[in-house]
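*Asks:* Sharing a structure below in structure tokens format, with a few things to ask.
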Amino acid sequence: MADLHAATEVDGVPLTVNGTPIVARKGELLIEAAARAGTYIPHFCYHPRMAPVGMCRMCIVEVDTGRGPALQPACMLECTPDMVVDTESEVTKKAQDGVLEFLLINHPLDCPVCDKGGECPLQDQTIAYGPGESRFVEEKRHNEKPIPVSELVLLDRERCILCDRCTRFAKDVAGDPLIHFVQRGSSTEVSTFPDHPFASYFSGNTVQICPVGALTASPYRFKARPWDLDQVESTCTTCAVGCRIATQTSRNEILRHQGVDSDPVNWGWLCDKGRFGFEAVHSDDRLTEPLVRRGEALEPVRWSDALGAVAGVVSQVLAERGPTAIGVLGGARLTNEDAYAWVKLAKGVLGTDNVDCQLGDGLPPELVLGTPRATIDEVCAPGGTVVLLAPDLKEELPVLYLRLRAAAVEHGVRIVEVSSLPTGLSTYAAARVAPRPGEIGEVVAALVAGRTDREVGGVAPEALAAAAALLTEGPVTVIAGRPSIAESPVAIVDAVAALLHGIPGTRVLSALRRGNVHGALDAGMAPGLLPGRVTLEVGRDRFADAWPTVPAGRGLGATDMLAAAADGELDVLFLLGVDLDDIPDRDLVARALAGARLVVALDQFANGSSSRADVILPVAGAGECDGTTTNLEGRVTQVAAAVTPPGTAQSDWIVAVELARLLGADLGATRPADLWAELEHVGAAHGGVTTEVLRSPLAVDGIVLPLADPAPYLAAMATPVSISNAGAPVTAATDAETTDDDEAVDEPTTSSGPALLVFDPPEATPPTPVDSYSLRLVSGRQLYDDSIVVRRSPSLAGLRADTVLRINPYDFDRLGVGVGDEVRISTNRGAATIACHPDGDVPRGAASLRYAQPNLAVAALLDATLPVTDLRVETVG
């Protein structure tokens, strides 16, 4: 023991568990230390991601801290030196018997019909630690069942053991204290407040962590048993956070998503959109066969006929007008392998740089990829300051909201929120400034420079001073996104540039929302970029050796592509999982679809734009294809196919390979792994991240690009891979032979390659003059919007809410309208009639409308060429 003391004097705490000496970390709870040492202590209320409360008493064990043995709850007891613990003593076993006997007094023992049956801790622990029989013969309590506490969660009250997990999660983790214990004593039960359902975006987590099946999910209830389910670990691609999930299926149908505890990302939590959005995969509206327009109708055809028709027109356009007459729009829905296949087809075979995975509502790729990037853990590190230049994270990146909320509440992270409208994090912000829409750049520049003696952008001097003071405390990270789709990204670019130049060491975390938009950008799905975060000019020579061709110059972004199509300058437009009706500026979209000679849509559903396409190709969706995805940190994780696509739907990469073949080229891929191998080889940011590295035990939470040293990952493999082979030049061909179109490159990607992209901010743009006759529009998304995932998921579709016009009470009174009255709103693009409500959180001179809600197409009111959207509001009648 003396040697153990010497070894752990600094690093840990020595104690004994069941006669075996172990070392606990300083401050570690006994239940956690025992688990790390291989001793399981039964429990119900304890959860590693929540503060302990000692409610269930199941973890009571015999502990001697020097004053003699006593029964103590392991979940509440911090390890101390020389503690002696016995988890198997007769006294401990008798206590555990008693706890379980009391828990089962009124528990209904309806395991044969309970959704939790087969994966229930109460079942398992009753068998392992219980008395075997009960002394109680009285009638059990009966309650109405189930009670819907929300649209998604059902409560069976008689099963509840009052462990407090669900109520603690709602209050302490989600910040939505909408369920709580009511009554007292033997009548205590979980309930909601009157007329306030459990309307939390994270309600499904309570179902997953409930240990007894008291809470069940309506989409899964009575669907399957655990032993009926097949499971693969994958990554959620509903948004860009990249939460790790377990996809559970039966009979080729996805039945459930469960959160997997990934320490650097989601901690096991999921938002309800990510948890229940799988229902869209099995929608009856899925496309199952290719469609080709003949006259006014879309008719089903064979794949060979559809691809042949596309290849014929593309070949003709290339011959007549060249590659600049072809554009590829979208790609954020794809896997990394899909994205690389389409980038290689577009830029390496067709020779066009008109490629953009963002849809006019993102940020310049140079800012996203070229700034010093932060991880979620770095943003949430204790003592830091976070500048929030982003949309409402609770609505658009919900699990990032959970992580940042926990950082502010529990770890002292200071949030400086710069947003025209309050967000879910406003309550937790140390300082908040609300600039006029379009003037965020000027306000942030004033904060960095310390110009707090006068009003800037509608923000009072005292608010500026409070926020500026926080920027001098601790390391600064920026969460950068688009707070409003009704504004151009120019102001955000100016704001990020001011922080990077004015505060040394500032790092940036992207808040782009689409599932794999960061992986698509890394694969080169943006004008002027090549795979691996290099510019077209810097990487030209390298890719000229690896690809058949390279674009001659920088191409067009999304908005410019649509404008070119509208003007007849772009003949062929590929839409990769894009609903153009979702793009700001509906007028431009309509003109683009009418002006293009051939519109090819690769999608899972017919939507507003694909239904107007000339060719529709059905493709696989989430849960139907293998590959990798990249989250907003640049973290690469794997996605796995759990079910087969419907009908003849194909993966996007297969469509690219077949189309290239018809055009006389070979992408050199027969499986997704081939495409990743080539991307790892040619992409400077991907170098060293081989398939072997991704499968390493050390990569269970993914790999953040770029990887400095793959050696530790390879060394951790059961069968280590040679370091010299890991970065060796290979082609995408399965036999590693060089094809005509894929010549090997000599330099190894792990140690050399083009310099990565660096953000070079432009000159700051002066703010747009205020139009005193209009209100400036602010438009952001809600989690339950009119997107395909929500619309095609029966459990989520009913949660969509109509948007209303919200304006400041001052402007509301000035207009002379009543609460809920309809008003006419108009911009230079269009007009609509909508209900109007006063809202003191909206700044004077501004108006708020939620984007992409069922009752109003805000996109039809926007002009993508303007820095801000001025909205005229008039009374009706």
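The values are calculated or read from the model by the stated rules, or taken from the named source; none is laboratory data. Bear in mind that the values here come from a model prediction, so they are computed numbers and not experimental data. So basically every Cβ, Gly included, is an ideal-geometry build from the backbone, and we count neighbours across all protein chains shown. Please note that ligands, DNA and RNA were not included when accessible areas were found on the heavy atoms of the full protein model with its side chains. Shrake-Rupley method; radii C 1.70, N 1.55, O 1.52, S 1.80 Å.
*Asks:* Are any residues in segment 394-408 surrounded by fewer than 24 Cβ atoms within 10 Å (Cβ to Cβ) and either polar (S, T, N, Q) or without any contact (Cβ under 8 Å) to a residue 60 or more places away in the chain (or both), and if so, which ones?
*Replies:* 407, 408, listed by residue number.
*Asks:* Are any of the residues in segment 194-201 closer than 23 Å to residue 145 by Cα, among the aliphatic types (A, V, I, L, M) and touching a Phe, Trp or Tyr at 6+ places or on another chain (Cβ under 9 Å)?
*Replies:* The answer is no, given that none of the residues of segment 194-201 is closer than 23 Å to residue 145 by Cα, among the aliphatic types (A, V, I, L, M) and touching a Phe, Trp or Tyr at 6+ places or on another chain (Cβ under 9 Å).
*Asks:* Starting from segment 594-614, take each residue that is free of Cβ contacts under 8 Å to residues at least 40 places away in the same chain and list its partners that are of a type in the set (D, E, K, R) and assigned to a loop (DSSP other than H, G, I, E, B), counting only C-beta distances under 6 angstrom and pairs at least six apart or across chains.
*Replies:* 599/614; 608/579; 609/579
*Asks:* What are the pairs with Cβ atoms under 9 angstrom where one residue, in segment 27-54, is free of Cβ contacts under 8 Å to residues at least 40 places away in the same chain and closer than 23 Å to residue 98 by Cβ and the other, located anywhere, is in a loop (DSSP other than H, G, I, E, B) and among the hydroxyl-bearing types (Ser, Thr, Tyr)? Sequence gap at least six, or different chains.
*Replies:* If the second residue must be in a loop (DSSP other than H, G, I, E, B) and among the hydroxyl-bearing types (Ser, Thr, Tyr), the pairs left are 40/87; 52/46; 54/46.
*Asks:* Here's a follow-up. Select, from 819, 823, 876, the only residue that is without any contact (Cβ under 8 Å) to a residue 60 or more places away in the chain and touching a His at 6+ places or on another chain (Cβ under 8 Å).
*Replies:* So the residue among 819, 823, 876 that is without any contact (Cβ under 8 Å) to a residue 60 or more places away in the chain and touching a His at 6+ places or on another chain (Cβ under 8 Å) is 819.
*Asks:* Just a yes or no: is a residue in segment 509-525 open to solvent by less than 10 Å² (accessible area, probe 1.4 Å), touching a residue at least 60 places away in the same chain (Cβ under 8 Å), farther than 30 Å from residue 788 by Cα and not in a strand (DSSP E or B)?
*Replies:* Scanning segment 509-525, I find no residue that is open to solvent by less than 10 Å² (accessible area, probe 1.4 Å), touching a residue at least 60 places away in the same chain (Cβ under 8 Å), farther than 30 Å from residue 788 by Cα and not in a strand (DSSP E or B), so the answer is no.
*Asks:* Quick check: is even one residue across segment 295-305 farther than 30 Å from residue 219 by Cα, of a type in the set (Val, Ile, Thr) and in contact with a strand residue (DSSP E or B) (Cβ under 7 Å, 6 or more places away or on another chain)?
*Replies:* yes
*Asks:* Separate question: Would a scan of segment 142-165 turn up a residue that is at pLDDT below 90, of a type in the set (D, E, K, R), open to solvent by 70 Å² or more (accessible area, probe 1.4 Å) and in a loop (DSSP other than H, G, I, E, B)?
*Replies:* There is at least one residue in segment 142-165 that is at pLDDT below 90, of a type in the set (D, E, K, R), open to solvent by 70 Å² or more (accessible area, probe 1.4 Å) and in a loop (DSSP other than H, G, I, E, B).
*Asks:* Shifting gears a bit: Given the residues 462, 417, which is the only one that is within 21 Å of residue 849 (Cα to Cα), of a type in the set (Asp, Glu), at pLDDT 95 or above and not in a loop (DSSP other than H, G, I, E, B)?
*Replies:* Step by step, each of 462, 417 is checked, and only 417 is within 21 Å of residue 849 (Cα to Cα), of a type in the set (Asp, Glu), at pLDDT 95 or above and not in a loop (DSSP other than H, G, I, E, B).
*Asks:* Something else now. If I go through segment 59-86 residue by residue, how many of them are part of a loop (DSSP other than H, G, I, E, B) and either open to solvent by 20 Å² or more (accessible area, probe 1.4 Å) or of a type in the set (Lys, Arg) (or both)?
*Replies:* Total meeting the criteria: 9.
*Asks:* What's the total number of residues in segment 443-469 that are of a type in the set (A, V, I, L, M) and either open to solvent by 20 Å² or more (accessible area, probe 1.4 Å) or on the phi > 0 side of the Ramachandran plot (or both)?
*Replies:* Residues that pass the stated criteria total 8.
*Asks:* Now for a different question. Within segment 263-332, considering only strands (runs of 3 or more DSSP E) that don't extend past its boundaries, which have at least 3 residues that are open to solvent by less than 10 Å² (accessible area, probe 1.4 Å)?
*Replies:* 326-330
*Asks:* For the condition open to solvent by 10 Å² or more (accessible area, probe 1.4 Å) and in contact with a strand residue (DSSP E or B) (Cβ under 8 Å, 6 or more places away or on another chain), what is the one hit in 382, 365, 391?
*Replies:* 365
*Asks:* While we're here: Taking strands (runs of 3 or more DSSP E) that do not extend beyond segment 572-660, which have at least 3 residues that are β-branched (Val, Ile, Thr)?
*Replies:* Correct list: 627-630, 635-639.
*Asks:* When residues of segment 529-554 are filtered for being crowded, with 24+ Cβ neighbours inside 10 Å, farther than 20 Å from residue 666 by Cβ and aliphatic (A, V, I, L, M), how many remain?
*Replies:* Number of matching residues: 2.
*Asks:* Could you go through segment 695-711 and let me know if any residue there is closer than 30 Å to residue 616 by Cβ and in contact (Cβ under 8 Å) with a residue 24 or more places away in the chain.
*Replies:* For segment 695-711, residues closer than 30 Å to residue 616 by Cβ and in contact (Cβ under 8 Å) with a residue 24 or more places away in the chain: absent.
*Asks:* State which residue is farthest from residue 456 (Cα to Cα) when the search covers only segment 431-441 and only residues that are hydrophobic (A, V, I, L, M, F, W, C) and in contact with a helix residue (DSSP H, G or I) (Cβ under 6 Å, 6 or more places away or on another chain).
*Replies:* Once the filter is applied, the top-ranked residue is 431.
Okay, residues lined up against (1) within 26 Å of residue 258 (Cβ to Cβ); (2) at pLDDT 90 or above; (3) part of a helix (DSSP H, G or I):
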| residue | (1), (2), (3) |
| --- | --- |
| 41 | yes, yes, no |
| 45 | yes, yes, no |
| 53 | yes, yes, no |
| 57 | no, yes, no |
| 97 | no, yes, yes |
| 123 | yes, yes, yes |
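*Asks:* Same structure, new question: Give segment 333-352 a look and list any residue that's part of a loop (DSSP other than H, G, I, E, B) and either at negative phi or in contact with a Cys (Cβ under 9 Å, 6 or more places away or on another chain) (or both), or say none.
*Replies:* Residues satisfying the conditions are 333, 334, 335, 352.
*Asks:* Quick check: is even one residue across segment 428-442 part of a loop (DSSP other than H, G, I, E, B), free of Cβ contacts under 8 Å to residues at least 60 places away in the same chain, under 30 Å from residue 236 (Cβ atoms) and open to solvent by 20 Å² or more (accessible area, probe 1.4 Å)?
*Replies:* Checked segment 428-442: at least one residue is part of a loop (DSSP other than H, G, I, E, B), free of Cβ contacts under 8 Å to residues at least 60 places away in the same chain, under 30 Å from residue 236 (Cβ atoms) and open to solvent by 20 Å² or more (accessible area, probe 1.4 Å).
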